Amino acid sequence: MKTEVRVGSSTSIAALQNPSLLINSTTSQGSLTGALRGCLGSLDGACIEKLLLHCASALESNDVTLAQQVMWVLNNVASSVGDPNQRLTSWILRALISRSSRICPSLNNNGGGGPNPSTSTTSTIAAERRLMTVTELAGYVDLIPWHRFGYCASNSAIFQAIQGCSKIHILDFSITHCMQWPTLIDALGKRPEGPPDSLRVTVPSCRPLVPPLLNVSIEEVGLRLGNFSRFRDVSFEFNVIENSSSFELLLSQLNPTSLNLKDDEALVVNCQNWLRYLSDDEGSTNSARNNFLNMIRCLNPRIIVVVDEDSDLSSPSLSSRITTCFNYLWIPFDSLETFLPKDSNQRMEYESDIGQKIETIIGFEGVQRIERLESGVTASQRLRNAGFLSSPFCEETVGEVKTLLDEHASGWGMKREEDMLVLTWKGHNSVFATAWVPNQNGLMLED
């Protein structure tokens, strides 16, 4: 089953389905010939990657004919129900065609036979966003340890950091709707010294419009956490930061007064898959990402935990992003292959969510490209520059993470890199987890 390559209901894919383009074009007799020879129907990842890079190069140089040719070949290789490489390729191809509909208008005229431009700036993939129930969200994060790894490492580090504290305040910046906290609340209720006198969780009202999306409000999430806490004998309070409906407004609220910080509370800052959505102007020390960390440093938290995907997808080069995307995002596609049938609805829905990420990474530029992921090494240096010191994970935390991974497929593993814990799939880095404390001796300047 070939991937659908429509941007909207009016999209034509005649050019992509017409092999005569490859025969009649003089371009195909040049550099493309060698790239395509032997690739049609091939399942070889290196060949697919080469085709994707040819398409990226064509789009970057506005070579309409070459872009059409390569997309046609990719359409014959990709499959939404094929092997992991084919499934990943199908989503990258969708993103490339979505991109072409905006930046190469000549691809969309009827004479060229390419996709017609959509009347909306919102893509088909964006229009397909689904809202989950809380139960569906729980199943989503349990499917593979992509999120649970970070929850486990972070909660363990937080639990160690707040031992003996009777009042705790967590600033939670994450995209998974507080799914991390029931486990920590349960652990706090079982502390040998007894549960804390109070636990406050504060979240922003803004959140990037990325999967997973929930069908209940953040206030409803807070009510459910409060009910859970009562059953664990933990005094709980949930707050939403007012006037934080955008990242810009959120930054203006990161101060002790707006957050109602109290001197007798242990402050914890949790960042799960969050920093990548803060803009980071290359070469600027005054970016939203740096400003966010500087403001957090000024709050003097007891600990800050940062978890994200361990890859660099921030390059301004489309070709570079495609290469990284193809060689990194095969991990969730490959891991799902180990235990879900090819036609599993659950698998297709999960892959669709990854597809939305791929479209943002490949299909957009400028402020619309909100996914600007950086590696754990780069993020760690950024935290050092903001005035934090790494707080290595203890052996107890390592043991808890290993126990978690035992519940999943044997391909999942964990390793230490410097002071990070890194989730791996078949030896390839997937997600990093780090813990930090304020450097009381002042800022550590970048080398």
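The values are calculated or read from the model by the stated rules, or taken from the named source; none is laboratory data. All values reported here derive from a predicted model rather than from experimental measurement. Backbone-built Cβ (ideal geometry, glycine too); neighbour counts: all protein chains shown. The protein model used for the area step is the full one, side chains on, heavy atoms only, and it has no ligands, DNA or RNA in it. Shrake-Rupley method; radii C 1.70, N 1.55, O 1.52, S 1.80 Å.
What distance in nm lies between label points placed 7 Å from Cα along the C-beta direction at N300 and E60? Taking the simple label geometry, N300 and E60 are separated by 4.8 nm.
Given a Förster distance of 22 angstrom, what is the FRET efficiency for D263 paired with E237, based on the Cβ-Cβ distance and rounded to 0.05?
Using R0 = 22 Å, I get an efficiency of 0.85.
For K190, the aspartates and glutamates whose Cα falls under 15 Å of its own Cα, not counting residues fewer than eight places away in the same chain, are D233.
Would you list, by chain and number, the lysines whose Cα falls below 29 Å from the Cα of K342, excluding same-chain residues fewer than 8 positions away? The reachable lysines, counting only those whose Cα sits under 29 Å from K342, are K2, K50, K357, K402, K426. Using the alpha-carbon centroid of each, what span in Å lies between segment 217-237 and segment 368-384? Here the two parts' Cα centres lie 32 Å apart. Give me the net charge for the shell around G226: Cβ to Cβ below 15 angstrom, other residues only, Lys and Arg +1, Asp and Glu -1. Around G226, the charge tally is -2. Rounded to the nearest whole Hz, the Karplus-based 3J(HN,Hα) values (6.51 cos²θ - 1.76 cosθ + 1.60, θ = phi - 60°) of segment 138-144 follow the sequence 4, x, 4, 6, 8, 4, 9, with x at glycine and proline. Here the accessible area of segment 123-237 is 54 percent carbon and sulfur, with a 1.4 angstrom probe and all protein chains present. Each residue of segment 75-91 was assigned a 3J(HN,Hα) from its phi angle through the Karplus curve 6.51 cos²θ - 1.76 cosθ + 1.60 (θ = phi - 60°); the sequence is 5, 7, 9, 6, 7, 6, 10, x, 7, x, 5, 5, 5, 4, 4, 4, 6 Hz, with glycine and proline shown as x.
In the context of the full set of protein chains, segment 271-334 has a per residue accessible area of 32 Å² (1.4 Å probe).
Sorting check: for 175-186, 207-218, 90-101, 160-171, which peptide has the highest mean count of neighbouring beta carbons within 10 Å, and how do the rest follow?
Numbers: 175-186: 20.0, 207-218: 15.8, 90-101: 25.3, 160-171: 18.2.
Descending packing order for the listed peptides: 90-101, 175-186, 160-171, 207-218.
Within the same chain, lysines fewer than 8 places from K262 are excluded, and of the rest, those with a Cα less than 18 Å from its Cα are K167.
The separation of segment 68-89 from segment 129-205, counted between C-alpha centres, amounts to 39 Å. With the highest mean first, a sort of the peptides 45-51, 412-418, 382-388 on other beta-carbon atoms found within 10 angstrom per residue produces 382-388, 45-51, 412-418.
What's the extension gain from F228 to R191 if we count 0.36 nm per residue and subtract their Cα-Cα distance? Write out the running numbers ahead of the final one.
Values: separation 37, 0.36 × 37 = 13.32 nm, distance 1.65 nm.
Contour length minus the Cα-Cα distance gives 11.7 nm.
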